[in-house]
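One structure is given below, encoded as structure tokens.
The values are calculated or read from the model by the stated rules, or taken from the named source; none is laboratory data. The model shown is predicted, which means the values in this text are computed figures rather than measured ones. When we count neighbours, we look across all protein chains shown, and the Cβ atoms used for this are built from the backbone with ideal geometry, even at glycine. Only protein heavy atoms, including side chains, enter the accessible area calculation; ligands, DNA and RNA are left aside. Shrake-Rupley method; radii C 1.70, N 1.55, O 1.52, S 1.80 Å.
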Amino acid sequence: LISVMPPQASPQSSNGANGMAAPATGAPGSARPAVAPDAGRTRPGNRAGGGYARPRGANKIRPPEVDLCIPGPLGAMAERAVCEMVQAYANSVAPLPEDFDKRIEVHDNLADLVRNCFFATEAPGQSFQLHLFGSAATGLGQRTCDLDICIDFYREAEVCKSLGVRPKELEGKVVRKLASKAQRFGFKLVETVAHAKVPIVMLVHQRSMLSCDVCVGNTLGVTNSSLLKEYSQFDPRLYPVVVAVKKWASAKGVSGSKKGFLSSYSWALLVVYFMQIRGILPSLQKLAHPHDTPRDLEFLSASEAAREFKPVPENKSVGQLFFEFFCFYGFEFEWGEEVASVRLGEKFLRDHPEFRREPLKNTQHNEIHIEDPFELHRNLNCVLHKGSAARTLQALQDAAECIAQENIGGMFLYTCSYCKKGNLTSAEGAEDERFDQWYCNECWGDWRETRRR
């Protein structure tokens, strides 16, 4: 729990080897463009010679008769400005030493709570273990991100017997019992979700004000987080790009599964897949299975992968990668056809045999397809509401054009989730990551006091 530190440079990144290929945009054989949701306008190039019409696509999110223009390459001054913006934001949200001290305190208090509920007579560490997962464990989270914690019981049968429940009822019983005693150990109970697929108890640590979601036996979530952590350690540019993309998505209202948009986990996978396609990151799962298709929980560590995988030699800045992320998903990625698969790390369409052996769900919908790295049947577009995919695609295309026109001031402008006041800077409000909401300063005080109560 306490060993998660900001990503460090890998041996390759220190000498500039982790670069990025610059494929010729629109070259023969390139992917046809995604189609935007608004049919009322064509999209001009950003400047003279800076954009050109794409061939007509067949994606039904937007009628195919409308031609699109991909923004041209960034100029040196624009790239420097974007790079400074992205890096400055990443530095401002990266965890500090005192943040790790707070996590230690949360861990210790939660361990005392679990021990008191189930193992009052046993020594620490003999009966259970707490695993951190989610953004705080991947090395791709902010200093204020929630803590997702999984309880792993060593002797689950004995716990079931002591509680008088069957194994399938254990998780719900555990979260209810934790909720009943949380306040005695320094936690404020927010909500108990005992009948979900993965029952959780949502707590706020009252001294540090860190939110934490506690569940039982979610080992797959721990494995997912470990995979992303290895990617963050392979190339240090991944962290600033991911946190900047998450911030942009939150500011533009296209993030949050509770609101019907992609989760922050999905956005992180999209960045990893984009960097795989560009030849910067490998597929750690594929490297662990050089002679077969990966279909289990094995993957190489960042240090092991550094000996097996040689990234493209061209070393691009985080600003250029940030810009090309929007160009890739706004214009190159084939929405409704292509599958963003971190497991494979290559471009494959949804009808490829690889996605039939363990059928990927929801591929009949004309939306973005994102394969879970380990639950291969799970398509992470399952959280999207009607119209969310079109709105997300439009936001990606607008972001690419905004940067190409050197108008980066509006990238992180916000709209208050309560009063709906718009075009606000980050200094004029604050974000509640638990609910994927952003509030202006006038509304934030009321919201904060409501959470405390």
Breaking point among (1) surrounded by 22 or more Cβ atoms within 10 Å (Cβ to Cβ); (2) modelled with pLDDT of 90 or more, for Cys145: (2)
Residue in segment 149-157 that is touching a Leu at 6+ places or on another chain (Cβ under 9 Å), at pLDDT 90 or above and under 20 Å from Tyr265 (Cβ atoms) present: yes
Helices (runs of 4 or more DSSP H) contained in segment 190-308 and holding at least 1 residues surrounded by 24 or more Cβ atoms within 10 Å (Cβ to Cβ) and at pLDDT 95 or above: 219-234, 238-251, 264-277, 284-287
Given (1) open to solvent by less than 50 Å² (accessible area, probe 1.4 Å); (2) part of a helix (DSSP H, G or I); (3) at pLDDT below 90; (4) of a type outside the set (Lys, Arg), index of the condition Val165 fails: (2)
Of the criteria (1) outside any loop (DSSP other than H, G, I, E, B); (2) in contact (Cβ under 8 Å) with a residue 12 or more places away in the chain; (3) among the small types (Gly, Ala, Ser), which one Ala88 fails: (2)
Segment 353-401: number of residues that are out of contact with any Gly (no Cβ under 6 Å at 6 or more places or on another chain), in a helix (DSSP H, G or I) and over 23 Å from Leu227 (Cβ atoms): 11
